[in-house]
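Before any comments, here is the structure.
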Amino acid sequence: MSKLLKHDTFILFVICLLMVTLNFQFNQVSFGQTQDALNQNSIVELTAERVGKYVWKSNELGFNPLLNLKSNENYTFLITSIQNDTAEHQLKIEPREGGEHLAESEVIEHGSSSQFAFNTGIPQVLKYYCEYHPRSMTGMINVTSVI
C-alpha cells in the first residue's frame with residue numbers, strides 16, 4: 001500500500017508540474033512575446049497597412065496591438081510602410097494621458113522604414129500612434145516590471 005501511495009503522489013506531482021508549465025507557456029503567448037524572444041531580440045516591428053483604414057500591423061500580434069514591454073529595457077522600434085503607399089506615417093510614443101513625446105520615428109512612405117531606440121523607463125501605460133492617422137493607427141504600450 002505504501003508503494004502505491006508513493007506512486008500516486010509522484011503521478012500527481014508530475015501532472016501538477018505539467019499544468020503549471022503549460023499555463024506559464026500559455027500566458028507568455030497570450031502576452032504576445034515570450035521571454036526568450038525579448039532576450040534574443042528587443043525589436044518591435046510595426047508596419048503601416050491599409051485595411052479599409054490605416055492601421056499598425058504586427059505579424060505576431062495583429063492590428064494596433066497592445067505591446068507588453070519590460071520596464072527599464074532598451075527596445076528598437078522598426079516601422080515600415082508598404083510598397084506603393086503614398087501616405088506619410090510617423091510613429092510617436094507619449095504618456096497615455098498625453099503630453100510631451102517620449103520618442104518618435106522619421107516620416108516614412110513608399111515602402112521605406114525608420115527605426116529608433118526607446119528605453120521604457122518605469123512601469124507605466126503609454127500610447128503610440130501615427131502623427132498623420134492618429135484615430136486609426138493607435139495602440140497602447142503596457143510597461144511592466146514582469147513579463
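Each reported figure results from applying straightforward, stated rules to the coordinates on display, with no laboratory input. On a predicted model such as this, the values are computed, not experimentally measured, just so you know. Positions of Cβ are generated from backbone atoms using ideal geometry, with glycine treated the same way; all protein chains shown enter the neighbour counts.
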Task: Length released on extending from THR144 to ILE82, taking residue separation times 0.36 nm less the Cα-Cα span - done: 19.2 nm
- [ ] Just add up the charged neighbours of GLU49: K/R +1, D/E -1, any other residue whose Cβ is under 14 Å from the Cβ of GLU49.
- [x] 0
TODO: Between PHE63 and ARG96, with labels modelled 7 Å along Cα→Cβ, what's the label distance in nm to one decimal, could you check?
DONE: 2.3 nm
- [ ] Report Rg (one decimal) and Dmax (nearest whole number) for region 34-144, counting Cα atoms only, units Å.
- [x] 13.2, 39
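Give me the percent of DSSP beta bridges within region 34-144 that run antiparallel, rounded to the nearest 5.
On the way: 28 of 38 bridges.
Bridges in region 34-144 that DSSP calls antiparallel: roughly 75 percent.
Considering only the other residues whose Cβ falls under 12 Å of the Cβ of HIS110, what net charge follows from Lys and Arg at +1 and Asp and Glu at -1? Display every interim value, and only then the final one.
Numbers: positive: none; negative: ASP85, GLU88, GLU109.
That sum, taken over residues with Cβ under 12 Å, equals -3.
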- [ ] Would you grab the residues whose amide H sits under 5 Å from the one on ALA103? Only those 5+ places off in sequence or on another chain, please, with H modelled 1.01 Å from N.
- [x] ILE93
Task: Long-range HN-HN contacts of SER42 with modeled amide H, under 5 Å - done: none
